[in-house]
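Worksheet: one structure, shown below.
Please treat every number below as a calculation from the coordinates, not as lab data. Worth saying up front: this structure is predicted, and the values here are computed from it rather than measured. Cβ coordinates were reconstructed from backbone atoms using ideal geometry, including for glycine residues, and neighbour counts include every protein chain displayed.
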């Protein structure tokens, strides 16, 4: 299980920084004045280049007693099932991003009920946010990054073929909470492999 | 009130990108193949440079019936009161970042009870997350970015001197929820000035 998170979603992480994106001169990796951790910085134009965690946002979308899952058409974890989700874009609210990803990956229109899970994955510098949502119609289709979309009852969820631990965690919480008809927002950290934590965090 | 968000926290946003940080060649701003929005990309080494929203994390920390506020020693909104908070760092869980910021800005040690608010500020591409927390001792001191730290009862909160709308929103929710002894996680968008939304989101 440990390797899964480090592969996680497909959009590439920020590339290694060699040159200042402002002035084009080589950068150094050191602690800026008044700071306490190493950053890429430019000694020519004095720009400090901060990098920060990214937010992944998506929907746990249901139709009657079934949940919507997407079979991934892309690496990593191609062929495995996931909830529709992806990186939040600049200018988007988190729920807007969840709706967009649900449309892009599953061609499904949903109504969001509420925020449901907030997971920190510090070893890969990501925050996952899933919203509980309901399909407005039982209509969906595979978007470009999916090879299949389907609705699953709890007993039929392909637990052994889920793409990422965070997906299993979210689904397990959901079915548990549904049995009690109470959906508190769940917030925690999922640290799969602490040895992979970046030294600069 | 509209201008406040656009000034928001002091750490500079990513600078304009002129050069590829991987290879040092000039970048272009256009829609990459297979994408649907403009990105900075390098036609020389084919790197696409994604930029994404940042997470601001902090604590609504209390001692008995009082909340901990920090008077800002830095721009923007120097001299105004805020909750201890700042940008989540790579390698951190959201609650770890909230603890770190509470220490850095208020030199206060706290125990976190739970996630409390998740606000999207899409016009400045930020996600705010506040945790409810309790001071372990009534001890605190101004960190480098604060000029004063104090505990306030509800009646004494300097409502007219709060630094940012998101701080007011969080405090108002807190006192309302405290009166009912129920603290549901609150999630919403705060769009102060939609005209300032970035065109590339």
Using the 7 Å Cα-to-Cβ label point, sort the distances from residue A:74 to its equivalents in the other copies shortest first and give them in nm to one decimal.
3.6
Roughly how many nanometres apart are two label points built 7 Å out from the Cα toward the Cβ at residue B:191 and residue B:142?
3.9
Using only Cα atoms, find the angle between the long axis of helix B:94-106 and the longest principal axis of chain B, and express it within 0 to 90 degrees, rounded to the nearest 10.
60
Relative to chain B, whose Cα atoms define the longest principal axis, helix B:165-180 and its Cα axis are tilted in degrees, nearest 10, by 40
DSSP-defined antiparallel bridges as percent of all bridges, the protein assembly as shown, nearest 5:
65
Among B:37, B:66, B:107, residue whose mean-square fluctuation peaks in a GNM of chain B (springs only between Cα atoms under 10 Å):
B:37
Label-point separation in nm, residue B:37 to residue B:25, each point 7 Å along Cα→Cβ:
2.6
Averaged across A:93-105, how many Cβ atoms of other chains sit within 10 Å of each residue's Cβ atom?
3
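Considering every residue in B:48-58, what mean count of other chain Cβ atoms within 10 Å of its Cβ is obtained?
Values: counts 3, 5, 9, 5, 13, 15, 7, 7, 1, 3, 0.
Partner-chain Cβ atoms within 10 Å, mean over residues of B:48-58: 6.
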Taking all pairs of distinct alpha-carbon atoms in the range A:54-183, Kirkwood radius in angstrom:
14.4
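Can you give the FRET efficiency for residue A:156 and residue A:78, using 1/(1 + (r/R0)^6), R0 = 22 Å, r = Cβ-Cβ distance, to the nearest 0.05?
Working: r = 21 Å, r/R0 = 0.97.
Calculated transfer efficiency: 0.55.
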How large are Rg and Dmax for the protein assembly as shown when only the alpha carbon atoms are used, in Å?
21.4, 61
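Mind sorting B:31, A:167, B:127 by how few other Cβ atoms lie within 10 Å of their own Cβ, fewest first? Before the final figure, lay out each step's value.
Values: B:31 11, A:167 22, B:127 27.
Least to most surrounded, the residues fall as B:31, A:167, B:127.
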If you take each beta carbon of peptide B:179-188 and count the beta carbons of other chains within 10 angstrom, what is the mean?
3
Given springs between every Cα pair under 10 Å in a Gaussian network model of chain B, which of B:32, B:138, B:76 has the largest fluctuation?
B:32
Only helical DSSP H runs with n ≥ 4 go in: add -39500 (n - 2.57) per run for chain A, normalise by residue count and round the 222 nm mean residue ellipticity to 500 deg cm²/dmol.
-5500 deg cm²/dmol
Largest fluctuation, A:128, A:80, A:40 only, Gaussian network model of chain A with Cα springs under 10 angstrom, belongs to A:40
From the label point of residue B:172, set 7 Å from Cα along Cα→Cβ, how far away are the matching label points in the other copies, in nm, ordered shortest to longest?
4.0
